[in-house]
Amino acid sequence: MKELKILAVVVFFTLLTYWGVEPYAHSVMHKHIESKGFQYDDLKPLAKKGDAARGAQTFMNAGCIGCHGLKSQGMPAPMDPNAAVASFGVNPPDLSNAGAVFDAKFLANLIANPEHALMVEHKFSKAGRSFPMTAFYGLGGDKDQEVADIVAYLQSIAPKAEEVTPKMAFETACGRCHAVHYDKWTQIGERPKFKHKIDELKFEEKVVDYQDKLTKYLGKLPPDLSMYIRSRGEHYLKTFMEDPQELLPGTAMPRVGVSKESAEKVIEYLADVGDSKRAERDSVGKIVMIYLFIFAFLAYLWKQSIWKELH
Amino acid sequence: MAHFEKAHSLEEWLDQRLAIKTLRRVLAEEYWIPKNINFLWAMGMVLAVTFGILVVSGIFLLCYYQPNIDLAFDSVNYTIMQEVEFGWLWRHMHAVAASVVFLIIYIHMFTGIYYGSYKKGREMIWISGMLLFVSFSAEAFSGYMLPWGQMSYWAGMVITNLFSLGSLELNGLVEWLRGDYVPGQAFLNRFFMLHVFLMPLIIMALIGLHFGALRIPHVNNQDGEEIDFEEEAKKYLAGNKKEAKVIRFANDFLSKDMFVVSIFLIFFFYLVFWHFDFAMDPINFDPADGLKTPPHIYPEWYFLWSYEILRPFPKDPGLIAFGFSQVIFFLLPFLDRSPNVAPANRRGLFAAWFWILLVDMIVLTVMGKVPPMGMFSTIGLVAAWVFIILWVALPFITKNEKAV
Ligand code: HEM
């Protein structure tokens, strides 16, 4: 039929234009990177099997709690965020969930050589600054074994993978640097509801103070991630988290070393914040489509009934 | 005062006062449309419906939008998208409709070009159509400023800069347009005014003019045949519907329009729910930041072809070429020197002209988006020249066209 041929021509040129300005143009403009499955192949594999009971002791002796809190074990952070940021440039995260959120191999490498695992040597030792988290030099025994024990300990006290909520994953891995104001998250914690203006201003002062020092530490204030699920998309977020240097060479953002599952949770969190209506969009969409198909069918019958007298 | 009888029905009551029966007859039942047309003639109705969607969804958005540089981004991306019930739906409908309306406009325009519907009495339809195109462009551009994202800001910067007119360096004009040295509060306010008041008003008036311009020449048909509408209407009214070459606008043509509209709506809502990224550039979900230029600045897809006519040339010639591309479509009825009103494929060289123009504009569109480097600049430059040459050649090509 002639009208279908015309339609085919219209559809062809429409799709050609679409292909050119969307998939094709974006493939030219943006480097495409595939995720390597959060394997962290450049890092040294875990050689030893850790022992959690021994690790508890090693952990205490390693001095981690001089800087980090471990709330789930009744050890609050030694300093509040503002004091910590003044000493370190950034608030060392609470380690209660670290064993679940970070990849085990990454943790072991982080403990032995934090700068290297985080891929920030270009901003610290190579730039003549010292990195605030000290490397673990061992307690005199087999260092690899001691590191493995600490990792085993952190895993043993961490919630099970399925108990880690998207928000927990985000707080542990990203929350010390990135605000998410659509979820009231600031780098120093959740923004409370205030009864008195003065309390609000005091809180605001702390946030600004933290951000100023963080900016000094990183050279740049990390962006608020509220809408990043829409501005960057899932694929970018995933590959960027896995290896920031590949997409933004020279960036101050560390490779945080999340496990594959935790990366998905972080993305889910960002989607819950920036694209909270996606489930509703899908379900409303289906209903609208059903309605429209019925509408089109009725419109077709109406047209046929009128046009049979015209032809 | 005129004499009024007691009315026996609401219709009669209204008819006495507003002559609705006459209106209905003149505007619908005895507004004659050729029978020999295809679904492309429904694009005008699709455009009217899409414009309706834009107006209605826009009114809903307007209930929550804040034209303030500190609040605009969050009022759109948080309040409307997440807090207001179904705010996301109105926003997606509005954004997708703004993009799709241009797709349909381009189809509508190329239909007109293909069938020669811009000449022999139809010049004013074409010119009013082009005025609509320009007004829609202004409407779309001003709307794009409102979310105050990175692309709003930087596209606003780049486009208003064009008004310095190259070496004329009319920086005062640019500042006057912006109300500031760089886009800021004054800038956002005036584009808000343009977008929600002045441009819609102008567009509505122009749609009226466009419809009015259709009235006397009537719409064209698939063979460009000249129809004696009075004669054919008589046949139709005498019951000879099958033989008559005309049909009523309502409900004959309308029923077909509505079917095409229904198919269009399926396509449109599919995009709204599952494929909206093409119409809502990801970069515009980063808040405006005057200190951080995005690596790639490009306009929305429907402006890309004219952007690419600007870009490959040096500054001044580029602006002249750009100006040329903006006005040249207006002149089509006068540059086409052939008296033939017929589909392009029966018009010899003009057929080649038509298809080359179409493909060239698609090439320009794609090259307008990719970064202007290496091969892409060359292709863009060639395509821009092809565009210019095509229009310069048009009078010569059509002058000696054989009558069909
Ligand atoms: C976006 C706003 C517009 C609306 C609502 C609109 C609406 C319409 C309608 C309802 C018709 C009659 C039915 C049809 O032939 O499709 C029509 C015809 C026409 N329009 Fe538009 N139009 C718009 C924009 C344009 C533009 C941008 C152009 C090109 C410059 C244009 C050129 C024409 C021509 C040449 C015809 C006559 C077609 C023929 O005689 O076959 N219109 N328009």
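The values are calculated or read from the model by the stated rules, or taken from the named source; none is laboratory data. Everything quoted here is computed from the prediction, not taken from an experiment. Counting neighbours? That spans all protein chains shown, and the Cβs are built from the backbone with ideal geometry, glycine included. Side chains included, ligands, DNA and RNA excluded: accessible areas come from the protein's heavy atoms. Shrake-Rupley method; radii C 1.70, N 1.55, O 1.52, S 1.80 Å.
May I ask you to list the residues in segment B:112-124 that are open to solvent by less than 30 Å² (accessible area, probe 1.4 Å) and closer than 21 Å to B:Leu201 by Cβ? Within segment B:112-124, no residue meets the criteria. When B:Pro371, B:Pro312, B:Pro339, B:Pro343 are screened for being surrounded by fewer than 20 Cβ atoms within 10 Å (Cβ to Cβ) and away from chain A (no Cβ under 13 Å), only B:Pro339 passes. If the condition is being within 14 Å of chain A (Cβ to nearest Cβ) and either of a type outside the set (A, V, I, L, M) or surrounded by 14 or more Cβ atoms within 10 Å (Cβ to Cβ) (or both), then segment B:374-404 contributes B:Gly374, B:Phe376, B:Ser377, B:Ile379, B:Gly380, B:Ala383. When the residues of segment B:271-300 are filtered to those that are within 7 Å of chain A (Cβ to nearest Cβ) and in a helix (DSSP H, G or I), the one that is most open to solvent (accessible area, probe 1.4 Å) is B:Trp274.
Test B:Ser142 against the criterion of being of a type in the set (Ser, Thr, Tyr), in a helix (DSSP H, G or I), near the ligand (Cβ under 8 Å from one of its atoms) and at pLDDT 95 or above, and give yes or no.
For B:Ser142, the condition - of a type in the set (Ser, Thr, Tyr), in a helix (DSSP H, G or I), near the ligand (Cβ under 8 Å from one of its atoms) and at pLDDT 95 or above - is not met.
Here A:Gly175 meets each of (1) assigned to a helix (DSSP H, G or I); (2) surrounded by 21 or more Cβ atoms within 10 Å (Cβ to Cβ) with one exception, condition (1).
I'd like to check something: does segment B:247-264 contain any residue that is assigned by TED's automatic domain parsing to the domain that holds B:Asn77 and within 26 Å of A:Tyr24 (Cα to Cα)?
First, pick out the residues of segment B:247-264 that are assigned by TED's automatic domain parsing to the domain that holds B:Asn77: B:247-264.
The next check asks that each one be within 26 Å of A:Tyr24 (Cα to Cα); those that pass are B:264.
Scanning segment B:247-264 turns up at least one residue that is assigned by TED's automatic domain parsing to the domain that holds B:Asn77 and within 26 Å of A:Tyr24 (Cα to Cα).
Could you tell me whether B:Phe350 is modelled with pLDDT of 95 or more, surrounded by 21 or more Cβ atoms within 10 Å (Cβ to Cβ) and more than 10 Å from chain A (Cβ to nearest Cβ)? For B:Phe350, the condition - modelled with pLDDT of 95 or more, surrounded by 21 or more Cβ atoms within 10 Å (Cβ to Cβ) and more than 10 Å from chain A (Cβ to nearest Cβ) - is met.
Restricted to segment A:213-251, and to residues that are assigned to a loop (DSSP other than H, G, I, E, B) and without any contact (Cβ under 8 Å) to a residue 40 or more places away in the chain, which residue is nearest to the other protein chains (Cβ to nearest Cβ)? Once the filter is applied, the top-ranked residue is A:Arg232. Within segment B:234-258, being open to solvent by 50 Å² or more (accessible area, probe 1.4 Å), in contact with a strand residue (DSSP E or B) (Cβ under 9 Å, 6 or more places away or on another chain) and not in a strand (DSSP E or B) holds for B:Lys235, B:Lys241, B:Lys245.
So which of B:Asn36, B:Asn68, B:Asn77 is touching a residue at least 24 places away in the same chain (Cβ under 8 Å), open to solvent by less than 60 Å² (accessible area, probe 1.4 Å), outside any helix (DSSP H, G or I) and touching a helix residue (DSSP H, G or I) at 6+ places or on another chain (Cβ under 8 Å)? Outline the logic, then answer.
Values: B:Asn36 fails: touching a helix residue (DSSP H, G or I) at 6+ places or on another chain (Cβ under 8 Å); B:Asn77 fails: outside any helix (DSSP H, G or I).
Result of the check over B:Asn36, B:Asn68, B:Asn77: B:Asn68.
When restricted to residues that are surrounded by 13 or more Cβ atoms within 10 Å (Cβ to Cβ), in a helix (DSSP H, G or I) and either within 14 Å of chain B (Cβ to nearest Cβ) or not small (Gly, Ala, Ser) (or both), segment A:20-56 contains 9. For segment B:84-111, the candidate set comprises residues that are away from chain A (no Cβ under 13 Å) and open to solvent by less than 10 Å² (accessible area, probe 1.4 Å); within that set, the residue that is farthest from the ligand (Cβ to nearest atom) is B:Ala97.
A search for C-beta distances below 6 Å between a residue of segment A:295-311 that is exposed (fewer than 13 other Cβ atoms within 10 Å of the Cβ) and any residue that is not in a helix (DSSP H, G or I), counting only pairs 6+ apart in sequence or on different chains, returns A:Glu309/B:Lys241. All conditions but one from (1) touching a helix residue (DSSP H, G or I) at 6+ places or on another chain (Cβ under 8 Å); (2) within 16 Å of the ligand (Cβ to nearest atom); (3) among the small types (Gly, Ala, Ser) apply to B:Gly52; the one that does not is (1).
Which one is nearest to A:Lys303 (Cα to Cα), of the residues in segment B:198-211 that are away from the ligand (no atom under 11 Å from the Cβ) and open to solvent by 30 Å² or more (accessible area, probe 1.4 Å)? Among those that are away from the ligand (no atom under 11 Å from the Cβ) and open to solvent by 30 Å² or more (accessible area, probe 1.4 Å), it is B:Ala205. Whether a residue is near the ligand (Cβ under 8 Å from one of its atoms) and open to solvent by 10 Å² or more (accessible area, probe 1.4 Å) was assessed, and B:Ile159 does not pass this test. Residues that are under 30 Å from B:Asn68 (Cβ atoms) and either in a helix (DSSP H, G or I) or away from the ligand (no atom under 16 Å from the Cβ) (or both) are absent from segment B:212-233 altogether.
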